[in-house]
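For reference, the structure discussed in these notes is given below.
Derivation of every value follows stated rules applied to the coordinates shown; laboratory data play no part. It should be emphasised that the depicted structure is a prediction, and the values quoted were computed from it without experimental measurement.
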Amino acid sequence: MVCCCFFSVPFFCQVHDTWTCVSQGKIPPNATLIFEIELYAVRKGPRSVEAFNQIDRDGDKKLSELEISQYLKEEFARDGKKRHPSAHDEILADIFKKNDHDGDGFISAKEYNVYQHDEL
């Protein structure tokens, strides 16, 4: 996948807390820079803490089948697409099959793949 990005260079740009005139360099002021960016890979990153907390209605830091079921019903209603009645149960079963690694019937934050960082 290739994407083009356009950037406009202001007449002055800040370098090391001092203002330097761009026109003294090789890029003229008010120039438009065009970058061609190629996407090499897409990786599955950590899921958001916010989404986990939204689903975790009782705040016990683990997702029950009931909590995920309610969340799915709300999402299905929100997008308005018609689905076969069995789709909900199949998706719910698949979520637990892929995410409940210890088989305790709950999906913990670790199993959900939520990484909390102090710097974020």
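Once you have the Cα-Cα distance between Asp79 and Lys61, take 0.36 nm times their residue separation minus that, and quote the gain in nm to one decimal. Please report the intermediate quantities before stating the final value.
Values: separation 18, 0.36 × 18 = 6.48 nm, distance 2.68 nm.
Contour length minus Cα-Cα distance gives 3.8 nm.
Of Lys82/Lys110; Lys73/Lys98; Lys81/Lys110; Lys61/Lys82; Lys61/Lys98, which sit over 24 Å apart, Cα to Cα? Intermediate values should be presented prior to the final figure.
Working: Lys82/Lys110 33 Å; Lys73/Lys98 19 Å; Lys81/Lys110 31 Å; Lys61/Lys82 32 Å; Lys61/Lys98 18 Å.
Violating the 24 Å limit, Cα to Cα: Lys82/Lys110; Lys81/Lys110; Lys61/Lys82.
5 Å is the cut-off here: which amide hydrogens, built 1.01 Å from N in the peptide plane, fall below it relative to Ser108, excluding neighbours closer than 5 in sequence?
Counting only residues 5 or more places away or on other chains, the set is Leu63.
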